[in-house]
Every structure is written in C-alpha cells, then in structure tokens.
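In what follows, a structure is listed as structure tokens, so that the remarks can point back to it.
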Amino acid sequence: MTECTQSSFEFAGPGRRTAVARFDGGTMSSDGGALLLQRTNQKLNLLERAAACFQDRRKPWLVKHGVEEMLAQRVYGLALGYEDLSDHDQLRQDPLLALLSGKQQVGEEPLAGKSTLNRLELSTAEPSRYKKVHCQREALDELLTAVFVEAHPQPPERIVLDLDVTDLPLHGHQEGRFFHGFYDSYCYLPLYIFSGEHLLCARLRTAGQDASAGSTEEVERIVQQIRQAWPRVRIILRADSGFCREELMKWCEKNSVDYVLGMARNERLRGLIEEEMAEATRLHEQTRQPARVFAEFPYRTHKSWSRRRRVVAKAEQLEGKENPRFVVTSLQAQHWPAQRLYEELYCQRGEMENRIKEQLTLFAARVSAETLAANQVRLYLSALAYVLVHGLRRLGLEGTEWARAQAPTIRLRLLKVAARIRITTRKVWISLASSYPLQNIFAHAWGQLRC
C-alpha cells in the first residue's frame, strides 16, 4: 500500500479563504476530560488494588513498565474508547495518558507498546517460563465486591443481586468455542452479577453448558463476603427462568437468602390459571387495552424440585395473544402480594440489561485471544473500566442531569475534551478547549471528587 506523506489538507473556507488542516498542533489530546477518571481512581483506590491482584515475577532491574502502569494504561484506554492493543502503538506517546497511568517521566518516556500490554493480558494463574505476570482471579473477584461494600457509608437493610448471561460472539478458534442454538453463533456465555449499578461478578464461561452453571458458587462467594461486612443485611436473588434451578433455590433456602426467579411456561402451569386468563380476556375485550390478572399458588414439579414453593402468575391478554408469566419466590405473601412482587420487584431486573450493554460499550466482547484465561483477563479489564466510569457517575455526577448517563454518553460528552499539554519543570499544564459546552458539569464533578 502506498504510504501517504501529505501534511496539509485543504477544505472549503469562508469567502475566498480556504481552510488548511495540518497535524502540527504540538502536544495535544482529545481526552482531556479523562482527568476526572484519574480523580475517581484516586477516590476509589481501584487500579492500585487491582494491580496488587497480579503477581509480577519479572526481574525488577529489567522492568521498564510496571504492572500498575500497564493496567492503568489499558483500563483508561478502554474507558476512553480505545479497544485494540494496536491503538497503543500511537497512544504510548500521549503525555496525558502517561499522566493518567502514573508515568514518572511524563513526555520523556513512552508508555508500554502493544506487545508488552499483550503479555499482561496473557497472564496465567500458574507460573510459566514465558509469562512472568500472573493474574490472581480470586483477588480480582473480591475487589469488585469490596468496591460495592465501600460505596455504602451505612449497611443497607436490603440488597438485590441480579444474575444474567449474555453472548459474546466468537469469530476464530478460541479455546472452548461452542455453537449456541439460541444465539445462532459460536460464542462465550459470561455470567454477570449486579446489585443496582454495581458490578459484582464478570465470569467468562463456555456456551456448552446450562445458563445457570457455576452461579451457585459465585453467589455463595459474594454473599459470604457481603455478610462479613453486613451480617444483618437481607439479600434477595433475582434472575430469569434460566436460573430457576433446584440447586440454586435450595442453597438460598439453606442460607437465608430470598429469591424471585422467572419460570419457563408449560401446559401444567397454564392450566392452573385458566380462570385468571379468562378474566384477563374479558377485561381486554371491554377496554381494548392490555389486561392483567394476578394469582398465586403452591407448586412443585414432578421430579426436579425437592419441595413445594410459592409461584406468582401473571395472566395477561394482549391484542391478538395471551402472555402468561410465572415467578417462583421464597418471599411471603403478607410482605409481597402477587402484583406488587411481580411489577415492583421482578420486573425491575430489566434494568440489568442496560448494565450489560454498558459492558459491551467498554469492549467486553473483545474476546479474540486464543485461551479462555486470557479472555477472562480481558473481561476483567472491561469490568474495571466500568467500575471506574460508574464511580465517576456515582461520585462526581450525582445531582446533575448526567447522573444516569450511560458509559458511552459520559465518554462522548465529558471525557472527549480537546486539550493542549505543556510540560514545565514543576507542572504539567493542561489547557482545555475554551468552547467546551459542559464546563459547569466538569467543574461540578471535579468539586465532588475533591471532597
């Protein structure tokens, strides 16, 4: 391919003038707002603790790029929209990213290149001759839950843990690839656990297993860590029908964890709400609007369940079709009547889908490494980027119109700010664009994060 050497680019200008663009602006950056992410990290002490979850067995006198620096470089890059390692061949010269990553000689030494960062992502749990940085998965798992606990000045009375899976399509021959019939593609099937907007678990799994596989172990680990901090907190587990399994429900009942889980429809369940469906149909014919009637009853499967459990049913008639739904729960009817349980508690799990979408905008689907372990590390990096952006949203943007903004909106409107960088003996001067329209929001976030 012909190499382009053109340095000036002409465009239409006002009147007889032409507009000429050149890459001669000097030391500039398009990510000036990322300084707020650095302030958020200082508040959370996130990346320093995450770096401690990696064991570095390299010879110290030969190391130019420490684990904390490389981890920060990669996580900040993901938060700012740079998904590929190859992006860092140019970004390693960016003095602003060097400042964010904790580089001591800002503007004098480059950051790590793609090959060095790739060795970080290929971290393994076991010592290896060729891989000297080892990822301690259990420590990273604990860190995600620890950040959630630290976000609450006082122990809450009740928390809800949301479980869900999503598909990460595979386009190569990665370890554990499996064709999933529902998603109609080769994919991984990671398990995510959230409490509100807080990410507690991001576990990469192969698609050749049940959606609930491994969920009991993950829930047990998280509940144990939460109860060490909050012994009296009430915990409710919420998930769709993919997690309605005897193993998970039995564990919850044994460990005083409540649950509300969707159930797959079948003819037996449908027959138990025949009267309610008839009532919903009659109401729909009268009003020509969707009609709902709720019911509840004790229920036990023929083989898979070990006991009878409370089932809440929604008999709904829509235009041209019926839409029955079923939920099994350990919550008592006197505290959670059928309609309130379904509409105010179970249906709120839909918000978790927005949180999973945010993971994808932070490039959690970038699982193109050969091994499952390396792709799990990439999933952790995206999770850390999410925790950082969510920390900015939670701590810096509270009380503003951006307090509910999603990660790509925060990136586009708040982090992507043109900046000129000037390095002197004593200071690094960062001149942000004078025409930036959200200066008041930037100032508000800086003030909130300074407290």
**Prompt:** Conditions: (1) outside the structural domain of residue 44 (by TED's automatic domain parsing); (2) buried (at least 16 other Cβ atoms within 10 Å of the Cβ); (3) out of contact with any Gly (no Cβ under 8 Å at 6 or more places or on another chain). Residue 372 meets all but one. Number of the miss?
**Reply:** (3)
**Message:** List the residue pairs whose Cβ atoms are under 8 Å apart, where the first residue sits in region 280-298 and is in a loop (DSSP other than H, G, I, E, B), the second is not acidic (Asp, Glu), and the two are 6 or more positions apart or on different chains.
**Reply:** 290/284; 290/317; 290/318
**Prompt:** If you check residue 377 against the conditions, is it touching a helix residue (DSSP H, G or I) at 6+ places or on another chain (Cβ under 9 Å), of a type in the set (A, V, I, L, M) and closer than 23 Å to residue 235 by Cα?
**Reply:** no
**Request:** Confirm whether residue 179 is farther than 18 Å from residue 407 by Cβ and aromatic (Phe, Trp, Tyr).
**Result:** yes
**Request:** Taking the residues in region 410-422 that are surrounded by 15 or more Cβ atoms within 10 Å (Cβ to Cβ) and over 16 Å from residue 76 (Cβ atoms) as candidates, determine which candidate is nearest to the chain's Cα centre (by Cα).
**Result:** 413
**Message:** Being under 30 Å from residue 447 (Cβ atoms), touching a Pro at 6+ places or on another chain (Cβ under 6 Å) and surrounded by 14 or more Cβ atoms within 10 Å (Cβ to Cβ) is the requirement here; does residue 107 meet it?
**Reply:** yes
**Request:** May I ask you to list pairs of residues, at least six apart or on different chains, whose Cβ atoms are under 6 Å apart, with the first in region 305-333 being of a type in the set (Ser, Thr, Tyr) and the second being modelled with pLDDT of 95 or more?
**Result:** 329/260; 329/310; 330/258; 330/259
**Which numbered condition residue 174 misses (of (1) surrounded by 16 or more Cβ atoms within 10 Å (Cβ to Cβ); (2) closer than 28 Å to residue 391 by Cβ)** = (2)
**Prompt:** Is one or more of the residues making up region 81-103 at pLDDT below 95, closer than 21 Å to residue 376 by Cβ, among the small types (Gly, Ala, Ser) and buried (at least 16 other Cβ atoms within 10 Å of the Cβ)?
**Reply:** no
**Message:** Of the residues 24, 89, only one is over 26 Å from the mean Cα position of the chain (by Cα), part of a helix (DSSP H, G or I) and touching a residue at least 12 places away in the same chain (Cβ under 8 Å); which?
**Reply:** 89
**Complete:** The residue from 346, 380, 386 that alone is more than 20 Å from residue 35 (Cα to Cα), assigned to a helix (DSSP H, G or I) and touching a Leu at 6+ places or on another chain (Cβ under 8 Å) is 380
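The values are calculated or read from the model by the stated rules, or taken from the named source; none is laboratory data. If you're wondering where the values come from, they're calculated on a predicted model, not measured in any experiment. When we count neighbours, we look across all protein chains shown, and the Cβ atoms used for this are built from the backbone with ideal geometry, even at glycine.
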